[in-house]
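What follows is a set of notes on a single structure, which appears directly below.
The values are calculated or read from the model by the stated rules, or taken from the named source; none is laboratory data. Here the structure is a predicted model, which means the values were calculated and not measured. Positions of Cβ are backbone-derived with ideal geometry, glycine not excepted, and every protein chain shown enters the neighbour counts.
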Amino acid sequence: MGYVPPPTPQHGLEEGPILLKDGRTAFLRRAGPKDLPLFVEFLRRLSPESLRMRFFSPISPEKAAELLLSAKPEEEKVILMVLAGDPPRMVATGEYVRLKGEGTAEVAFLVDDAFQGKGLGTLLLERLALIAAKRGVRRFQAFVLAENQKMLNVFMESGFQVRARRDSGEVEVEFEILLEEKAAERFEWREKVSTLASLHPFFFPRGVAVVGASRDPESIGYRALENLIFGRFQGPVYPVNEAIGKEGGTVGPLLAYPRVESIPGPVDLAVIAVPKERVWEALEASGRRGVRASVVLTTGFQDQEARELADKARRLGMRLLGPGSLGLVHTHPEVRLAAGLAPLPKPGPLAISSQSGTLGRAVMAYAEGMGLGISSFVSLGAKADISSNDLLQFWEEDERTRVILLYLESFGNPRRFSRLARRIGKKKPILAVHPSRDPLVRTLFAQAGVIRANSLEEAFDVAALLALGRLPENNRVRLISNASGPSNLALEALREGGLFVEHVDLGSTAKAEEFARALEEALEGEAGSVFLLFVPMGFTSEEEFLALLEKAEGNKVLLACVMGSPGVRARVMGQVALYRFPESAAIALSRAWAYKAWREEPLHFPDFPDLRLEEARKLLEGKRTLSQAEGAALLECFGLPLGKGEGLSLKLTAKPHPLFGPVLTLVLPTPLGDQVLGQRLSPLTQKDAQELVRPLSHGQSPDLSGPLDPAPYQEIVLRLSRLLEELPQVEEVSLELSGPRIARFEVRLGGNPEPRNRHAHSKPR
């Protein structure tokens, strides 16, 4: 069994917004002595039964609060608290406590009676386990009253290997918190359930309120209402405009209301289209009404203002799309939702997310022109709350979505994105366009299996092929053509993409019947893809060729190019993706094959049984710097070979990036300066390490007997990645390699700006 990287929460591990199992919002953070009043108020609200389950005997709220927040000098205690509502009230707490240096900690939870059954106990256990594991705790134990079945279920269903021992009326629970695949899957499952529940009111609202609905055709409130009506939303639509007054009135064909609170029916989604200064008021009114989802179309919010707006929405129990969003559409036949400034498009298999609203509108129009229908489209706007990470989890489970297309301008949590994309990409292809030329963005996409497009046009070229629902079974392509010049362009592009081409040249006089026979033979052959390239020569008309494509069907990937064909660059015809230029078709097929190869590659994070993790953590306890001997001991704990060897001189560095986390860089020193051979983001899979050291395969062994063996360097890379994941206190590591051994090293701990531990080993160790 390999190493299982711990899950990365969307927000902070110890502080940030969280989602309950029912999709409602809350906030988690560390607790301290200053929170005593919140704890007392929380405990006063609890039933005597809940207090007894936690403390085993009657206790006053004041005494219980002091007990929960106190810690002895010899103890390490981590206390988390959950806040909900506006103003925020404490609704849950969890803690672990251990004697300093011990490997076992005692864990306990307490949840408000009204919030039990919403997954808070499980969430607190997950967070505490992740925090404790990073601090050297190996196992949790808990003492639970035998009748407290709810708490026992939290432990038993956690995914950890729980051992329980009953003694009289108590149950002692104990389990290792070293993460295994089952526990990690449970963590991911809980978050996905919560995320899906929070997004359900956006995509399946029982009713929609348009706050700021207007009779003015030039207003966004008018257009938002119009799109809902013309899209034939399958639920009630409620225009809201305070100018209506108490006597009531209509906006368009619908009865309007002066306030959200006066709407008689259920409202899950509020589309807010009021001036900026009134958005807060509209959001608060929606929250009081019990609205679960809000789309803020209003623009003009600065980053800080947008974050404050999102915080307000969360305190009100809502999730927020925007501000500055174009809205969202969902073409499900039982919904038909166009909640915003974009009309309802033709249904289809493509899901699209865009940070830019205007670009998103253009993208939808382009997709429709290609014959690519939309399952759903979401304009993220300022992305203050809902992000592409949330949407990926929804589209993962959406049966109508076959291909996911993301236009990204920024990342909220790239490590979380990478983990989600790696999981979801094994089921559905994810296409991404990012305007930055930052090589780390390319690296992130490559590691996560995301198909990176250099332009929106290229993204749609690939989407047209993937939307057909098939991937190449192998890297063999049957190219059928009637023109040598365009064929040469296609051949070169296909070969550059790692594809093996079987070329059938029908000649310039080929007729439709010859194309049909060649296609029939190709469909019976072993090639996984069939590429038909047609140039009108006067012997076969374009109409005849297109008619052939419309009837084409089979179990292979089918694509075609018609040179000189008018219209959009690419489009879908039946089971065929059609392109104007051969290179475009070839690049799309190459991307599809590369994705297929990545999808079949096992996602394996190697483990190393010889790691001395506990020793390494104890070595760093209370340290801001490390001596020469301590630095060497730390590397040895992770099996990194110290000394001088024979072979290539290299540098391997690990430096933190404020957005992407630890970045591993492999460098070849040359007389003309350092040459970067590759970069990868931690944590690294076996495949990631192979790709990082791949350039070494072209080197020469020290004895000149053959190519350089990259395997030892690959292992060093993987061990260093593991060190960075296990020891977050280590900020930077720089290794100078002499052959596959470490001749010099630097280790920098967090918070210290000066490098240290630059030491040379004069002889092998």
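Looking at the stretch 645-658 only, could you name the residues that are loosely packed, with under 15 Cβ neighbours inside 10 Å and either of a type in the set (Gly, Ala, Ser) or touching a helix residue (DSSP H, G or I) at 6+ places or on another chain (Cβ under 6 Å) (or both)?
At the first step, the residues of the stretch 645-658 found to be loosely packed, with under 15 Cβ neighbours inside 10 Å are 646, 649, 655, 657-658.
Residue satisfying the conditions is 649 alone.
Give 215, 166 a once-over and let me know the one that is more than 29 Å from the chain's Cα centre (by Cα), farther than 23 Å from residue 272 by Cα and at pLDDT below 95. Spell out the reasoning first.
Values: 215 fails: farther than 23 Å from residue 272 by Cα.
Just one listed residue meets the conditions, 166.
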task = Name the one entry in 190, 223 that is crowded, with 19+ Cβ neighbours inside 10 Å and either of a type in the set (Ser, Thr, Tyr) or at pLDDT below 95 (or both).
result = 190
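Yes or no: residue 444 part of a strand (DSSP E or B), touching a strand residue (DSSP E or B) at 6+ places or on another chain (Cβ under 9 Å) and outside the structural domain of residue 663 (by TED's automatic domain parsing)?
Details: part of a strand (DSSP E or B): no; touching a strand residue (DSSP E or B) at 6+ places or on another chain (Cβ under 9 Å): yes; outside the structural domain of residue 663 (by TED's automatic domain parsing): yes.
So residue 444 does not fit the description; no.
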inquiry  = Considering only the stretch 423-437, I want to know if a residue exists there that is modelled with pLDDT under 95 and either among the aromatic types (Phe, Trp, Tyr) or touching a strand residue (DSSP E or B) at 6+ places or on another chain (Cβ under 6 Å) (or both).
reply    = yes
request  = Working only within the stretch 359-402, note down all residues that are without any contact (Cβ under 8 Å) to a residue 60 or more places away in the chain, in a strand (DSSP E or B) and of a type outside the set (A, V, I, L, M, F, W, C).
outcome  = 375, 379
query = Being surrounded by 15 or more Cβ atoms within 10 Å (Cβ to Cβ), touching a strand residue (DSSP E or B) at 6+ places or on another chain (Cβ under 8 Å) and in a strand (DSSP E or B), is that true of even one residue in the stretch 718-725?
reply = no
Pairs where the first residue, in the stretch 419-430, is part of a loop (DSSP other than H, G, I, E, B) and the second is of a type outside the set (Lys, Arg) and surrounded by fewer than 21 Cβ atoms within 10 Å (Cβ to Cβ), C-beta under 8 Å, 6+ apart = 425/598; 426/603; 427/396; 428/396; 428/401
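Considering each of 160, 140, 175 in turn, give the residue that is touching a residue at least 40 places away in the same chain (Cβ under 8 Å), in contact with a Phe, Trp or Tyr (Cβ under 8 Å, 6 or more places away or on another chain) and not in a helix (DSSP H, G or I).
On the way: 160 fails: touching a residue at least 40 places away in the same chain (Cβ under 8 Å); 175 fails: touching a residue at least 40 places away in the same chain (Cβ under 8 Å).
Among 160, 140, 175, only 140 is touching a residue at least 40 places away in the same chain (Cβ under 8 Å), in contact with a Phe, Trp or Tyr (Cβ under 8 Å, 6 or more places away or on another chain) and not in a helix (DSSP H, G or I).
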task = Scan the stretch 574-617 for residues that are under 30 Å from residue 682 (Cβ atoms) and among the acidic types (Asp, Glu) and jot them down.
result = 600, 601, 607, 610, 614, 615
query = Which one of these does residue 617 not meet: (1) under 20 Å from residue 723 (Cβ atoms); (2) in a strand (DSSP E or B)?
reply = (2)
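Does residue 163 meet the test of being farther than 23 Å from residue 41 by Cβ, loosely packed, with under 15 Cβ neighbours inside 10 Å and not aromatic (Phe, Trp, Tyr)? Before you say what the answer is, go through the steps one by one.
Values: farther than 23 Å from residue 41 by Cβ: yes; loosely packed, with under 15 Cβ neighbours inside 10 Å: yes; not aromatic (Phe, Trp, Tyr): yes.
Yes, satisfied.
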request  = Can you give me the number of residues within the stretch 493-529 that are among the charged types (D, E, K, R) and in a helix (DSSP H, G or I)?
outcome  = 8
query = Do you know which residues across the stretch 237-292 are out of contact with any Lys or Arg (no Cβ under 9 Å at 6 or more places or on another chain), closer than 18 Å to residue 323 by Cβ, free of Cβ contacts under 8 Å to residues at least 60 places away in the same chain and buried (at least 23 other Cβ atoms within 10 Å of the Cβ)?
reply = 279
note = Expected single match for over 23 Å from the mean Cα position of the chain (by Cα), crowded, with 24+ Cβ neighbours inside 10 Å and closer than 17 Å to residue 204 by Cα among 367, 338 is 338
ask   = Within the stretch 708-715, is even one residue modelled with pLDDT of 90 or more, small (Gly, Ala, Ser) and surrounded by 19 or more Cβ atoms within 10 Å (Cβ to Cβ)?
value = no
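Does the stretch 124-142 contain at least one residue that is farther than 14 Å from residue 177 by Cβ and surrounded by fewer than 22 Cβ atoms within 10 Å (Cβ to Cβ)?
Within the stretch 124-142, the subset farther than 14 Å from residue 177 by Cβ is none.
No; the residues of the stretch 124-142 include none that is farther than 14 Å from residue 177 by Cβ and surrounded by fewer than 22 Cβ atoms within 10 Å (Cβ to Cβ).
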query = Can you tell me which of 611, 642 is surrounded by 15 or more Cβ atoms within 10 Å (Cβ to Cβ), more than 30 Å from the chain's Cα centre (by Cα) and either within 23 Å of residue 3 (Cα to Cα) or of a type in the set (A, V, I, L, M, F, W, C) (or both)?
reply = 642
inquiry  = When you scan the stretch 181-199, do you find a residue that is under 20 Å from residue 314 (Cα atoms), out of contact with any Lys or Arg (no Cβ under 9 Å at 6 or more places or on another chain), in a strand (DSSP E or B) and not hydroxyl-bearing (Ser, Thr, Tyr), even just one?
reply    = no
ask   = Based on what the data block shows, is residue 103 under 29 Å from the mean Cα position of the chain (by Cα) and either at pLDDT below 95 or surrounded by 22 or more Cβ atoms within 10 Å (Cβ to Cβ) (or both)?
value = no
request  = Show the residue pairs that are 6+ apart or on different chains and have beta-carbon atoms under 7 Å apart, the first residue being within the stretch 74-85 and farther than 13 Å from residue 24 by Cβ and outside any strand (DSSP E or B), the second being modelled with pLDDT under 95 and not hydrophobic (A, V, I, L, M, F, W, C).
outcome  = 74/100
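For every residue, the table says whether it meets (1) in the same structural domain as residue 557 (by TED's automatic domain parsing); (2) within 23 Å of residue 444 (Cβ to Cβ); (3) modelled with pLDDT under 90.
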{"residue": "596", "(1), (2), (3)": "yes, yes, no"}
{"residue": "619", "(1), (2), (3)": "no, no, no"}
{"residue": "625", "(1), (2), (3)": "no, no, no"}
{"residue": "639", "(1), (2), (3)": "no, no, no"}
{"residue": "647", "(1), (2), (3)": "no, no, yes"}
{"residue": "669", "(1), (2), (3)": "no, no, no"}
{"residue": "677", "(1), (2), (3)": "no, yes, no"}
inquiry  = Suppose we filter 473, 458, 397, 409 for residues that are among the charged types (D, E, K, R) and buried (at least 18 other Cβ atoms within 10 Å of the Cβ); which single one remains?
reply    = 458
ask   = Within the stretch 477-492, is even one residue outside any helix (DSSP H, G or I), surrounded by fewer than 20 Cβ atoms within 10 Å (Cβ to Cβ) and of a type in the set (D, E, K, R)?
value = no
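Filter the stretch 30-64 for residues that are surrounded by fewer than 16 Cβ atoms within 10 Å (Cβ to Cβ) and under 17 Å from residue 108 (Cβ atoms) and give the result.
Taking the stretch 30-64 and keeping what is surrounded by fewer than 16 Cβ atoms within 10 Å (Cβ to Cβ), we get 30, 32-34, 36-37, 41, 44-45, 47-49, 56-58, 60, 62-63.
Within the stretch 30-64, 30, 49, 56, 57, 63 qualify.
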message = Looking only at the stretch 65-96, how many residues end up being surrounded by fewer than 16 Cβ atoms within 10 Å (Cβ to Cβ) and under 22 Å from residue 171 (Cβ atoms)?
response = 1
request  = Might you let me know whether the stretch 4-23 holds any residue that is assigned to a helix (DSSP H, G or I) and surrounded by 16 or more Cβ atoms within 10 Å (Cβ to Cβ)?
outcome  = no
remark   = Across the stretch 10-34, the tally of residues that are over 16 Å from residue 319 (Cβ atoms) and either within 20 Å of the chain's Cα centre (by Cα) or charged (D, E, K, R) (or both) stands at 7
note = Taking the stretch 532-585 and keeping only residues that are more than 14 Å from residue 480 (Cα to Cα), in a strand (DSSP E or B) and small (Gly, Ala, Ser), one is left with 570, 577
